[in-house]
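Read the figures in this text as sums done on the coordinates, not as results from a lab. Keep in mind it's a predicted model, so treat the numbers as computed, not measured. Backbone-built Cβ (ideal geometry, glycine too); neighbour counts: all protein chains shown.
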């Protein structure tokens with residue numbers, strides 16, 4: 001791993017109205033890493049980003065950049081640039097001038113006699129760097145277009161170019177893809193990753209979209225209620241969630257109560273299942289995560305568990321099948337069609353079972369009894385947006 | 001879409017405009033291009049440009065009017081912009097107080113406000129009495145070796161400008177304030193993020209994005225200031241004749257000549273419209289630039 005660049009130590013943020021949005025955040029960011037802060041609206045991820053950007057001073061704790069404390073360093077003196085939510089491009093300037101904005105500002109440097117002097121970049125260098133950056137974001141030929149004439153995706157690229165042209169050590173991205181449609185979002189994910197690798201700098205991305213986080217990041221930080229829930233690679237986060245919140249937020253999960261009868265043996269619904277987890281107390285109550293794609297449907301007689309199908313939805317590649325086991329509803333993703341009301345059995349391989357310690361989130365997630373409503377909510381973009389707005393207001 | 005459907009909603013306004021704007025302008029145009037001539041059948045109108053050629057003797061009045069209006073506008077801008085800027089940045093409490101202070105005088109009649117300024121600026125008015133009491137006048141006499149018992153404030157061009165600034169300042173502050181409050185705060189953060197300190201943010205983002213407000217404000221101050229008339233008589237004491245007074249004089253005063261008055265009004269209108277066109281050009285044509 002490369003060296004550490006930013007560290008937050010015991011950072012807390014409480015707003016004037018007494019709302020605490022961040023609680024004792026301890027986290028570090030490595031150089032050249034693509035890191036994503038992931039969490040639902042209002043979890044404090046944007047506030048964390050604003051603290052790194054210098055737009056907010058934390059109520060407690062320290063922020064270090066390259067080993068130096070920067071709590072009170074104003075944004076314009078930080079080697080950090082931001083791609084803002086909804087881009088915040090300057091409407092009175094064209095594409096070229098937007099990108100050149102940061103370069104045209106004289107920098108303070110220490111002169112030969114130790115005095116601070118203002119240094120202006122020569123015109124030719126500004127021009128070269130602006131053109132180079134417009135090429136990086138594939139906007140060559142758009143120099144003299146007005147901002148209002150650009151599409152959302154193009155504005156997004158201008159915002160990225162405007163930030164990157166200053167050669168920051170860190171690029172902060174505040175929900176950069178939130179305003180784009182789904183197709184464009186996928187393209188931009190690739191694009192961002194490509195740019196990050198080409199320039200070799202740190203990207204810190206904020207999003208509530210778990211798919212985006214998994215697709216782009218080297219490291220994912222899952223947050224909820226102002227607290228870091230888990231830090232890890234996308235694979236770690238998906239395969240080894242630390243608690244019910246993470247398991248539920250990243251992908252689909254069936255989360256059930258279990259008891260560790262011994263190392264590598266967990267009991268669910270009074271049946272013992274072999275698993276790969278160890279190191280728990282004997283007979284310790286635990287949360288058990290079973291991903292919908294890890295469940296095999298078998299004839300009823302051969303199943304480890306038996307249940308009744310209550311709903312089937314065709315999703316293209318697979319069927320989303322809801323199965324009732326003793327009153328607890330599971331989501332199973334299967335390519336086998338099982339009609340509603342049929343009785344089926346299931347089998348779970350040991351590596352399909354993940355055991356977690358009990359947490360304050362136990363029992364809150366992972367039941368698909370209210371599946372349809374939950375699904376509608378996820379699929380309804382207006383609802384998500386409304387929530388976003390509220391979160392913005394809170395920030 | 002809306003154009004054809006409810007077009008008739010605009011009829012009352014169009015009739016109003018025709019009756020009270022278009023027709024009067026046409027009448028004025030006719031007046032300005034004619035002179036009365038005595039003939040056997042009585043007085044008839046004859047087409048002539050002599051109203052316009054004869055206007056040259058009043059060049060100094062034109063000059064003074066535009067000059068004083070310009071000064072007043074500049075002062076209004078110099079005071080109004082910072083006030084509007086502060087208001088837009090401070091909390092709602094501060095905004096309410098300042099807004100009340102700005103609006104309060106506007107609820108009183110224009111003449112009343114001007115009369116109270118007369119009382120203040122009079123040779124033995126409030127301000128001179130205060131200066132007397134404080135010994136400012138004595139100090140001034142000692143420093144300059146002069147011997148005055150009051151400062152001459154009323155009946156000067158300065159008093160006229162003061163009156164204009166006092167009366168028209170709100171019209172400068174309000175449009176600028178409106179534009180500044182609508183300014184997206186994230187643009188300012190974006191500029192800071194890109195390395196701009198407070199003064200650079202102001203110069204390169206806030207100011208350019210508030211130009212439309214400035215244009216509106218300048219228009220709303222300059223246009224009425226140019227044609228102002230009671231102010232110059234009350235505070236200027238007749239020594240500072242302005243276009244408004246000149247025109248009034250042609251219609252109601254001793255120099256009764258409505259044809260000349262109409263011609264002066266037409267010229268003033270044309271000059272004002274030209275000024276505004278130039279101004280609006282600076283404002284990018286967009287924004288809420290007000291023409292009339």
request  = Once you have the Cα-Cα distance between residue A:190 and residue A:77, take 0.36 nm times their residue separation minus that, and quote the gain in nm to one decimal.
outcome  = 37.6 nm
message = Please report the antiparallel percentage of the DSSP beta bridges confined to the protein assembly as shown, to the nearest 5.
response = 80
query = Per residue of A:48-59, how many C-beta atoms from partner chains lie within 10 Å of its own C-beta, taken as a mean?
reply = 1
request  = Mind jotting down a quarter of the surface of the convex hull over the alpha carbons of the stretch B:56-106, in square nanometres, one decimal?
outcome  = 4.4
inquiry  = I need to check one value: relative contact order of chain A, counting alpha carbon pairs closer than 8 Å and at least 6 residues apart, in percent.
reply    = 15
key: chain B: most fluctuating residue of B:154, B:75, B:188 per GNM, C-alpha cutoff 10 Å   = B:188
task = Give the order of B:76, A:275, B:275 when sorted by the count of other beta carbons within 10 angstrom, beginning with the fewest.
result = B:275, A:275, B:76
Residue A:128-residue A:347 FRET efficiency (beta carbon distance; Förster radius 56 Å; 0.05 resolution) = 0.35
remark   = For the pair residue B:239 and residue A:326, the simple spin-label estimate (label points 7 Å beyond Cα toward Cβ) gives in nm 10.5
query = Gaussian network model of chain B, Cα springs within a sub-10 Å range: biggest mean-square fluctuation belongs to which of B:31, B:13, B:166?
reply = B:13
key: For residues of A:91-103, the mean tally of beta carbons on other chains within 10 Å   = 3
ask   = Given only helices, namely DSSP H runs of n ≥ 4 each adding -39500 (n - 2.57), what is the per-residue ellipticity at 222 nm of chain B, to the nearest 500 deg cm²/dmol?
value = -20500 deg cm²/dmol
query = When chain A is modelled as a GNM with alpha-carbon springs shorter than 10 Å, which of A:222, A:206, A:308 fluctuates the most?
reply = A:308
task = Please report, to one decimal in angstroms, the Kirkwood hydrodynamic radius of the stretch A:177-332 built from all distinct Cα-Cα pairs.
result = 18.2
query = Per 20 Å bin, what is the whole-percent P(r) computed from every C-alpha pair distance within the protein assembly as shown?
reply = 13, 32, 27, 18, 8, 2, 0
query = R0 = 60 Å: FRET efficiency of residue A:148 with residue A:263, Cβ-based, nearest 0.05?
reply = 0.40
message = If you restrict to DSSP beta bridges whose two residues both lie in chain A, what percentage is antiparallel, to the nearest 5?
response = 80
note = The exposure ranking of A:8, B:127, fewest beta-carbon neighbours within 10 Å first, is B:127, A:8
message = Need the C-alpha centroid separation for the stretch A:13-64 versus the stretch A:154-181, integer Å.
response = 19
remark   = For peptide B:28-40, the mean count of other chain Cβ atoms within 10 Å per residue Cβ is 0
request  = With a 10 Å radius around each residue's Cβ, average the other Cβ atoms per peptide and rank B:134-147, A:117-130, highest first.
outcome  = A:117-130, B:134-147
request  = With a Förster radius of 45 Å, plug the Cβ-Cβ distance of residue B:123 and residue B:89 into 1/(1 + (r/R0)^6) and report the FRET value to the nearest 0.05.
outcome  = 0.60
Inter-probe distance in nm under a simple model that places probes 7 Å from Cα toward Cβ, at residue A:66 and residue B:197 = 2.0
request  = Mind checking the full-extension length gain between residue A:308 and residue A:357? Use 0.36 nm per residue of separation minus the Cα-Cα distance, one decimal, nm.
outcome  = 14.7 nm
message = If you consider only alpha-carbon coordinates, what radius of gyration and Dmax does chain B have, in Å?
response = 23.9, 83
note = Taking A:237, B:148 and counting other beta carbon atoms within 10 angstrom, the fewest-first order is B:148, A:237
task = Starting from the Kirkwood radius over alpha-carbon pairs of the stretch A:190-249, derive D by Stokes-Einstein at 37 °C in a medium of 0.692 mPa s and give it in µm² s⁻¹.
result = 268
query = Rounded to the nearest 5, what % of the DSSP beta bridges within the stretch A:4-239 are antiparallel ones?
reply = 60
task = Kindly provide the helix-only [θ] at 222 nm of chain A, computed as the sum of -39,500 (n - 2.57) over DSSP H runs of four or more divided by all residues, to the nearest 500 deg cm²/dmol?
result = -7500 deg cm²/dmol
note = the stretch B:127-206 and the stretch A:293-352 have their Cα centres apart by a whole-number Å value of 78
inquiry  = I want to make sure I understand the PRE zone here: with the label point 7 angstrom from the Cα of residue B:70 toward its beta carbon, which residues in the stretch B:211-227 have backbone N atoms less than 18 Å away?
reply    = B:215, B:218-227
The stretch A:4-239: mean projected area of Cα convex hull, nm² = 14.0
note = Share (percent) of C-alpha pair distances in the stretch A:289-347 greater than 12 Å works out to 61
note = Here the equivalent ellipsoid of chain A, derived from its Cα gyration tensor, has semi-axes (largest first, whole Å) of 46, 24, 17
query = So, in Å, what gap is there between the alpha-carbon centers of the stretch A:204-258 and the stretch B:33-62?
reply = 88
